[in-house]
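Q: I'd like to ask you about the structure that follows.
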Amino acid sequence: AYRRQRQMCIRDSISFITIALTLLIIHFRVWISRRQDLDNLMFSLAALGAAGLAIMELLYYKSVSLAEFNLLMKLMHIPLFILIVSLTWFVWFYFKTGWLWIAKSITALWTLGLIINFIVGDNLTFIEVEGLKQVQTFTGEIIYRPFGRVNNLTHLNNLASLLFIIYVIDATVRLARKGNKRRAYLVGFSLVFFILVAGVQAPLIDYGILETPYMISLPFIAILFAMSICLLYTSDA
């Protein structure tokens, strides 16, 4: 039963990675033909970041060595940086409205966070990784995740998540008022859902409040579905 649950978890992750890479190719091809549509380029990069993050999470939960965990936690921030920053500028180019200063602030905070990730403490999440904790996934699989002294500088990312929510809600409301309610609500709500789930669960897990594994890439599937629906409406137009 354990082996079957592990295979299901791996299969689900591979399915997500496949979907993300498929939309990456679709939107990148659209951008190649219409270079002025930078929203397609930004979404391609976001999908690349999500796929990369899912791959890192797979490797992360197959590890049992503290040294491997620490290295993967460092490296995991690279696709996470690509994902969040690309989504930020995707909103700017796709919605064609919003507060530019917030987009720049989110980018600056994540850039600073990525630099700190490689120079301060064991990684951006922990100043010192102290050990491994056994955790059961929602599929029943037993995995390990590290615990330790939380790096207070990780709040830079938490602040960026809060700014992202404000930024997306503002852009959604502005676009809806212009009359494009389908695009605004469908994509806007999926973006807010993603950052709420991913941005809230991570610090709760870091501080030991939630005893669940990191699954930051998983809520990105809401954005993938929203963009797929928007593509269908575009093709029918």
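Q: Could you identify the single residue in L59, L53 that is among the hydrophobic types (A, V, I, L, M, F, W, C) and either under 17 Å from L191 (Cβ atoms) or within 11 Å of the chain's Cα centre (by Cα) (or both)?
A: Numbers: L59 fails: either under 17 Å from L191 (Cβ atoms) or within 11 Å of the chain's Cα centre (by Cα) (or both).
From the options L59, L53, the qualifying one is L53.
Q: Here's a follow-up. I need every pair where a residue in the range 52-79 that is within 23 Å of T111 (Cβ to Cβ) has its Cβ under 7 Å from the Cβ of a residue that is part of a helix (DSSP H, G or I) and at pLDDT below 80, sequence separation at least 6 or different chains.
A: If the second residue must be part of a helix (DSSP H, G or I) and at pLDDT below 80, the pairs left are A54/S13; L72/Y60; M76/Y60.
Q: Same structure, new question: Determine whether the range 200-207 contains at least one residue that is touching a Pro at 6+ places or on another chain (Cβ under 6 Å), among the hydroxyl-bearing types (S, T, Y) and at pLDDT below 85.
A: To start, the set of residues in the range 200-207 that are touching a Pro at 6+ places or on another chain (Cβ under 6 Å) comprises none.
Looking for residues that are touching a Pro at 6+ places or on another chain (Cβ under 6 Å), among the hydroxyl-bearing types (S, T, Y) and at pLDDT below 85, one finds none in the range 200-207, hence no.
Q: With respect to L112, is the statement that it is of a type outside the set (D, E, K, R), more than 22 Å from K133 (Cα to Cα) and open to solvent by 50 Å² or more (accessible area, probe 1.4 Å) true? Steps first, answer last, please.
A: Details: of a type outside the set (D, E, K, R): yes; more than 22 Å from K133 (Cα to Cα): yes; open to solvent by 50 Å² or more (accessible area, probe 1.4 Å): yes.
Here the answer is yes, as L112 does meet what is asked.
Q: Conditions: (1) among the polar types (S, T, N, Q); (2) open to solvent by 20 Å² or more (accessible area, probe 1.4 Å); (3) not in a helix (DSSP H, G or I). S105 meets all but one. Number of the miss?
A: So S105 meets the others, but not (3).
Q: When the range 144-186 is examined, which residues are found to be part of a helix (DSSP H, G or I), within 26 Å of L114 (Cβ to Cβ) and among the aliphatic types (A, V, I, L, M)?
A: First, the residues of the range 144-186 that are part of a helix (DSSP H, G or I): 152-177, 181-186.
In the following step, the residues that additionally are within 26 Å of L114 (Cβ to Cβ) were identified as 152-171.
Once the filter is applied, which keeps residues that are part of a helix (DSSP H, G or I), within 26 Å of L114 (Cβ to Cβ) and among the aliphatic types (A, V, I, L, M), the range 144-186 yields L153, L156, L159, A160, L162, L163, I165, I166, V168, I169, A171.
Q: Within the range 108-134, track down each residue that is closer than 27 Å to L41 by Cβ and in a helix (DSSP H, G or I).
A: First, pick out the residues of the range 108-134 that are closer than 27 Å to L41 by Cβ: 108-115, 117-118, 124.
Passing the criteria: A108, L109, W110, T111, L112, G113, L114, I115, N117, F118.
Q: Across the range 111-122, what is the total count of residues that are in contact (Cβ under 8 Å) with a residue 12 or more places away in the chain and farther than 13 Å from N152 by Cβ? If you could, list the steps in order and put the result at the bottom.
A: Going through the range 111-122, the residues in contact (Cβ under 8 Å) with a residue 12 or more places away in the chain turn out to be 111-114, 116-118, 120-122.
Next, from what is left, pick out any that are farther than 13 Å from N152 by Cβ: 111-112, 114, 117-118, 122.
The number of residues fulfilling the criteria is 6.
Q: When the residues of the range 53-82 are filtered to those that are small (G, A, S) and modelled with pLDDT under 85, which remaining residue is most open to solvent (accessible area, probe 1.4 Å)? Lay out the reasoning, then the answer.
A: Initially, the range 53-82 is screened for residues small (G, A, S), giving 54, 63, 65, 67.
Next cut, modelled with pLDDT under 85 only: 63, 65, 67.
On the way: S63: 9, S65: 41, A67: 73 Å².
Only one residue fits best here, namely A67.
Q: Then there's this: In this structure, does F220 turn out to be within 15 Å of F43 (Cβ to Cβ), open to solvent by 30 Å² or more (accessible area, probe 1.4 Å) and modelled with pLDDT of 70 or more? Can you show your working first?
A: Numbers: within 15 Å of F43 (Cβ to Cβ): yes; open to solvent by 30 Å² or more (accessible area, probe 1.4 Å): no; modelled with pLDDT of 70 or more: yes.
For F220, the condition - within 15 Å of F43 (Cβ to Cβ), open to solvent by 30 Å² or more (accessible area, probe 1.4 Å) and modelled with pLDDT of 70 or more - is not met.
The values are calculated or read from the model by the stated rules, or taken from the named source; none is laboratory data. Since the model is a prediction, treat every value here as computed from it, not as a measurement. Neighbour counts are summed over all protein chains in view; Cβ atoms, including those assigned to glycine, are modelled from backbone coordinates with ideal geometry. Areas reflect the complete protein model, heavy atoms only, side chains present, ligands, DNA and RNA absent. Shrake-Rupley method; radii C 1.70, N 1.55, O 1.52, S 1.80 Å.
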